Amino acid sequence: MYAINHAATALLLRKKESKLPLLPLLISVQFVEILWVLFNYLGWEHFSVSNGSIHLDYLPYSHSIFSGVAAAALSFCVINLGYHNRKLAVAFAIGVLSHVVIDLIFHEKDIRLSPFFPTPVWGFGIIDYPMLNFVIEFAYGIGCWWYFKGNKALLWVIIIFNIVDLPIMLAHGDMLTPFVHYPFLLPSVILFQILITWYFVYRYANPKRNKK
Ligand SMILES: [Zn+2]
């Protein structure tokens, strides 16, 4: 799933607990992806490009069931014990888990049970059907906005970022070769998407804060 729709998940969490600050919720739903960016820079995880699409070959440390649960449990403990905020701790842990659960639905078979064993490995593979992927993600993003009862500006943010993702979803042939020649490029693009969607969702989901 692309950055904007992971970010939209934070709106669901925020709606349930409207007193919680939005920023940590936005961080929670992308926590796993930030680790992926970091581990790709470090060379601990890697991807490949073949047949005109990106394959996330090796990502057991950031994206596995075990590491998702471990990261959720750890963040729960840190926030609950360190900041004495049980509600935020629960919401943050759910946010971390949501990323792995959603990626399981969209990814190819590349999400392991744990980093320790190469099998079993899961992924429902919606990403292999780009138009279906686009429609489902788009509907999910809009659904989160609708549930959150967001404003028009936030709706436009979700629409525009979904459309911007289309070229990558529909990429074919040699369009992705720059990612082969410059391996740091893909994690940098993903990091940039995470940061810019955090900014816009935070800005327009908190309109009152901006008026002050
Ligand atoms: Zn992911």
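Odds and ends about this structure:
- Dipole of the stretch 112-212, positive end: most advanced residue of Ile163, Gly143, Gly125 [Cβ charges, Cα centre]: Gly143
- Charging the Cβ of each Asp and Glu at -1 and of each Lys and Arg at +1, and nothing else, the dipole of the stretch 99-173 about its Cα centre rounds to 260 debye.
- Computed over Cα pairs, the Kirkwood radius of the stretch 132-198 leads via Stokes-Einstein (0.692 mPa s, 37 °C) to a diffusion coefficient of 243 µm² per second.
- Magnitude of the charge dipole, the chain, Cβ model with Lys/Arg +1 and Asp/Glu -1, debye to 20: 1520 debye
No lab work stands behind these numbers, since they all come straight from the coordinates. Values in this document were obtained by computation on a predicted structure and should not be read as measured data. We place every Cβ from the backbone using ideal geometry, glycine too, and count neighbours over all the protein chains shown.
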